[in-house]
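The structure appears below as structure tokens.
Just so it is clear, none of the values below were taken in a lab; they were calculated from the coordinates. Small disclaimer: the values here were computed from a predicted structure and weren't measured. Counting neighbours? That spans all protein chains shown, and the Cβs are built from the backbone with ideal geometry, glycine included.
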Amino acid sequence: MPGALSGIRIIEFAGIGPGPFCGMMLGDHGAELIRIDRPGAGLDPRDALSRNRKSVLLDIKTPEGLSAAKALCATADGLIEGFRPGVMERLGLGPDVLIAANPNLVYGRMTGWGQTGPYAQAAGHDINYIALSGVLHTIGVAGGKPVPPVNYVGDFGGGAMFLAFGMVAGLLAVKNGAPGQVIDAAMTDGSALLAGMSFAMLAQGTTSDVPGTNLLDGGAPFYDSYICADGKWVSIGSIEPQFYALLRDKLGLADDPDFAAQFDRAAWPARKQRLAAIFATKTRDEWCALMEMTDVCFAPILSMTEAPAHPHNMARETFIQLGGATQPAPAPRFSATPAPVPCAAPKAGSDNAVLDDLVNR
């Protein structure tokens, strides 16, 4: 069965990390992804980000390669690229050129800083983009340094997923009669928007600008991670009063007056120490036996090698085997147009032999 984006053709100019992630999301749900790779490129079938692609090798700095790239873009519904501002224009593949040739083209551009602004031409990485948006400041323990959340928030959340959303929104706009347009997805913008609730709570006075002291950043004893007797970890998220009451009951603290006023922030540090001592008395499996699948709001903290084997993930087929590796399955789930069975990343240039067919189709 074709996916939700079946019939949509996207040209992807090969890049790293967030660009391929956006392409993966679109390809997972049925879009035809044609990736333009540079000569000498290689694709790894174990890489989830490069699955569901066609690949052509083109040297776009040559007249022949440039002509072929333009011809492909003339057949496309959308294009995604992640170069610094001005690079595609210098190559002769800027939006003015390509949208003039294909007025319905949705031209997706993803950068860290955005297409405009004082930082636009500077190099950077995820840690820098989420630093500037205020997000990195919010992540870390009280009194400690900010902790980079890998590159999930800037590259993938604030960049790739916002570009994917922008592409789908732009494609829907074309379907409803709007012209093609440029999508400017900046990781600073996207990560700032991901923190929308935190900015709202700050404005409302329900959270402070001091990291590690608030409800959702590890400041609360009932919303944190704790080490167990075997050195493994568990997570607790007992925010609502009824869930907090159940947590107290499971821990033998139901009648302890020191835990009565849940939102007494002055008592939080001492309570965290008490809870840490309690969780250290049992193994992770023992805590799972007591709390898993209850309304405590509990889950074991699994490693990346453990997660695919957890019964819940297995029941939902959250992970799949593809290209000789465990990969996350396509998400989200569609009832009428489920994602097609993924195809592993192709060999770079595997579709050069049918390039003429791709251009003429």
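Some notes on this structure:
- Among SER67, SER303, the order by Cβ neighbours within 10 angstrom, fewest to most, reads SER303, SER67.
- The ranking of LYS145, LYS232 by Cβ neighbour count inside 10 Å, starting from the fewest, reads LYS145, LYS232.
- Neighbours of GLY82 by Cβ distance under 11 Å: Lys/Arg scored +1, Asp/Glu scored -1, total -1.
- Exposure proxy for CYS22, CYS288, CYS343, CYS228: other Cβ atoms within 10 Å of each Cβ, ordered fewest to most, give CYS343, CYS288, CYS228, CYS22.
- Look at where the Cα atoms of region 1-51 and of region 102-151 average out, and the two centres are 22 Å apart.
- In the chain, one over the average inverse separation of all distinct C-alpha pairs is 23.1 Å, which is the Kirkwood hydrodynamic radius.
- Ellipticity at 222 nm from helices only: DSSP H runs of n ≥ 4 in the chain, each -39500 (n - 2.57), divided by the residue count, give -9000 deg cm²/dmol.
- Cleavage-rule hits, GluC sites (Glu not before Pro), region 262-352, DSSP coil, Cβ neighbours within 10 Å at most 13: GLU306, GLU317
- Each part gets one Cα centre, and for region 248-300 versus region 332-353 those centres are 45 Å apart.
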